[in-house]
Amino acid sequence: MKLRKVSAASAAVLALALTATACGGDDKDSGSSGGDGKKITIGIKFDQPGLGQKTPDGYAGFDVDVATYVAKKLGYTEDQIEWKESKSADRETMLQRGDVDFIAATYSITPERSEKVDFAGPYLLAHQDVLIRADDDKIKSPEDLNDAKLCSVTGSTSAQNVKDKLAPKAQLQKYPTYSACLNGLQTGAIDALTTDDSILAGYAAQSQFKGKFKLGGFKMTNENYGIGVKKGSDLKAKINDALEAMATDGAWDKAVEDNFGPANYKNEPAPKIGDIKS
């Protein structure tokens, strides 16, 4: 009798342990198996209007729309997405450590980065451009930036690229943020702001700047935005399939219009997967 009691108690303990293990298995998701009631963690920018921005109402921008669409194709609902800020300098490390499942954060595909992480896409072809005042009819080409006060943010190489290659007499102005550059552009303290045209369009599309600025349309470089994943991740192929679907069902065009429309951004068509423009 005593032996049977011990066996029954042991069986009960074993059953409880198995139940606890099954319940605890949903706590962490690798993001590689599709939607199964778990979470997927996605890296985006939190401070780029029109692309990736944290707002009082949640998260907004073109990168956010693309990432949300991809997540849904992978089987995740919006409330299963955990957004994580991915600053430019941290992106490779975040993927390598597994802090995020993928990153969509104005992440240009380059040979150097491709040695450390894999990229799906591209999903947007951007170009370095300038933003000028809407009534400015003097700056019509990169050469017209000679003697102009050209702004970019501290730490960026965009303005220096223009000075080195296109307008050697440009007067470089370094401001701490793009918003500061925009204020200077609005007051006339600077003549032009330079960075990726998608970023410029995102800022220009803000309601407080609507109709005040325009893009030069100079296309000074090619920036192939991709979705970064950990090296060797099986998510790459699945994300590529999702991006192809987004380009063909109209969702990509809608996301462009929703986020960049007020800036009259003359975007390139949705790029073909694997087509990297040098």
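The values are calculated or read from the model by the stated rules, or taken from the named source; none is laboratory data. Predicted, not measured: the structure shown is a model, and the values here were computed from it. Reconstructed Cβ throughout: ideal geometry from the backbone, glycine too, with neighbour counts over all protein chains shown. All accessible areas refer to the heavy atoms of the entire protein, side chains included, with ligands and DNA or RNA removed. Shrake-Rupley method; radii C 1.70, N 1.55, O 1.52, S 1.80 Å.
Every test in (1) outside any loop (DSSP other than H, G, I, E, B); (2) open to solvent by 10 Å² or more (accessible area, probe 1.4 Å); (3) touching a strand residue (DSSP E or B) at 6+ places or on another chain (Cβ under 8 Å) is passed by residue 150 save one, and that test is (2).
Quick grid of which residues meet (1) in contact with a Pro (Cβ under 6 Å, 6 or more places away or on another chain); (2) free of Cβ contacts under 8 Å to residues at least 60 places away in the same chain; (3) of a type outside the set (Gly, Ala, Ser); (4) assigned by the TED database to the domain that holds residue 150:
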position: 166; (1), (2), (3), (4): yes, yes, yes, yes
position: 183; (1), (2), (3), (4): no, yes, yes, yes
position: 198; (1), (2), (3), (4): no, no, no, yes
position: 210; (1), (2), (3), (4): yes, yes, yes, yes
position: 213; (1), (2), (3), (4): no, no, yes, yes
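Do we have residue 41 as more than 15 Å from the chain's Cα centre (by Cα) and closer than 30 Å to residue 155 by Cα here? Judged against the criteria, residue 41 is not a match. Within the range 153-163, the set of residues being in a helix (DSSP H, G or I) and touching a Cys at 6+ places or on another chain (Cβ under 9 Å) comprises just one member, 159.
Residues in the range 36-72 that are among the small types (Gly, Ala, Ser) and open to solvent by 10 Å² or more (accessible area, probe 1.4 Å): 37, 50, 58, 60.
The single condition among (1) open to solvent by 20 Å² or more (accessible area, probe 1.4 Å); (2) more than 24 Å from residue 259 (Cβ to Cβ); (3) modelled with pLDDT of 95 or more that residue 80 does not satisfy is (2). Against the numbered list (1) more than 20 Å from the chain's Cα centre (by Cα); (2) modelled with pLDDT under 95; (3) surrounded by fewer than 17 Cβ atoms within 10 Å (Cβ to Cβ), residue 75 comes up short only at (2). Between 131, 185, 166, the distinction of being of a type outside the set (Asp, Glu), in contact with a Cys (Cβ under 9 Å, 6 or more places away or on another chain) and closer than 30 Å to residue 272 by Cβ belongs to 131 only.
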